[in-house]
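K.L.:
Here it is, the structure, as structure tokens.
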Amino acid sequence: MATGACPVIDYVTPLFNVGQNLTVRRGTEWHGVPEARMQLAHGQLSPPRPLQTEVRRFDTLVAADLQHEHDPRCRTPEGLLAELQRIYEGFSAEETVTLVRFTME
């Protein structure tokens, strides 16, 4: 992330809910970031969105934590684990993740 610039969260699947959204990221890089732009389809970017972040160990997540996941395939721990293992080589359920919450119109 560039200092002073509004960071961009990239997505493999840029689908979003109207209203509350969640994305889960490996590690803690996004923890405490106050706002970001979302990468939309066709390379477009959203306006800056306020973020709420929370650091958790992946294996403590339950379906209720994931109800607002932007990707419908990732709204269960099993579905999210499969996707994170596809995206992040070597990802395991014992890792630390950051839950990033934001709203979209």
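K.L.:
Would you be able to tell me the number of residues in the range 17-41 that are part of a loop (DSSP other than H, G, I, E, B) and under 25 Å from SER92 (Cα atoms)? Reasoning before the result, please.
P.N.:
Let us first name the residues in the range 17-41 that are part of a loop (DSSP other than H, G, I, E, B), namely 17-18, 27-34, 40.
This time we only want the ones that are under 25 Å from SER92 (Cα atoms), so: 27-33.
Here the count works out to 7.
K.L.:
Is there a residue in the range 61-68 that is within 24 Å of GLY19 (Cβ to Cβ) and open to solvent by less than 20 Å² (accessible area, probe 1.4 Å)? Step through it out loud before you land on a result.
P.N.:
Going through the range 61-68, the residues within 24 Å of GLY19 (Cβ to Cβ) turn out to be 61-68.
Subset that is open to solvent by less than 20 Å² (accessible area, probe 1.4 Å): 61, 66.
For the range 61-68, residues within 24 Å of GLY19 (Cβ to Cβ) and open to solvent by less than 20 Å² (accessible area, probe 1.4 Å): present.
K.L.:
If you go through the range 51-60, how many residues are surrounded by 18 or more Cβ atoms within 10 Å (Cβ to Cβ) and touching a helix residue (DSSP H, G or I) at 6+ places or on another chain (Cβ under 9 Å)?
P.N.:
1
K.L.:
Further question on the same structure: Which ones in the range 69-80 are closer than 19 Å to ASN17 by Cα, of a type outside the set (A, V, I, L, M) and in a helix (DSSP H, G or I)? Show your work before the answer.
P.N.:
Of all residues in the range 69-80, those closer than 19 Å to ASN17 by Cα come to 69-77, 79-80.
Then drop every residue that is not of a type outside the set (A, V, I, L, M), which leaves 69-77, 79.
Correct list: PRO72, ARG73, CYS74, PRO77, GLY79.
K.L.:
Related question: Does PRO48 satisfy being out of contact with any Phe, Trp or Tyr (no Cβ under 9 Å at 6 or more places or on another chain) and in contact (Cβ under 8 Å) with a residue 24 or more places away in the chain? Quick ask: steps written out before the conclusion?
P.N.:
On the way: out of contact with any Phe, Trp or Tyr (no Cβ under 9 Å at 6 or more places or on another chain): yes; in contact (Cβ under 8 Å) with a residue 24 or more places away in the chain: yes.
Answer is yes for this residue.
K.L.:
Related question: Hey, among the residues in the range 1-16 that are open to solvent by less than 40 Å² (accessible area, probe 1.4 Å) and β-branched (Val, Ile, Thr), which one's nearest to GLU95 (Cα to Cα)?
P.N.:
In this case the residue turns out to be ILE9.
K.L.:
What is the residue count in the range 81-98 for residues that are open to solvent by less than 30 Å² (accessible area, probe 1.4 Å), touching a residue at least 60 places away in the same chain (Cβ under 8 Å) and either in a loop (DSSP other than H, G, I, E, B) or in contact with a strand residue (DSSP E or B) (Cβ under 6 Å, 6 or more places away or on another chain) (or both)?
P.N.:
So the count comes out to 3.
The values are calculated or read from the model by the stated rules, or taken from the named source; none is laboratory data. Computed from a prediction, not measured in an experiment: that's the story for all the values here. Neighbour counts run over all protein chains shown; Cβ positions are idealised from the backbone, glycine included. Calculation scope for accessible area: heavy atoms of the full protein, side chains included, ligands and nucleic acids excluded. Shrake-Rupley method; radii C 1.70, N 1.55, O 1.52, S 1.80 Å.
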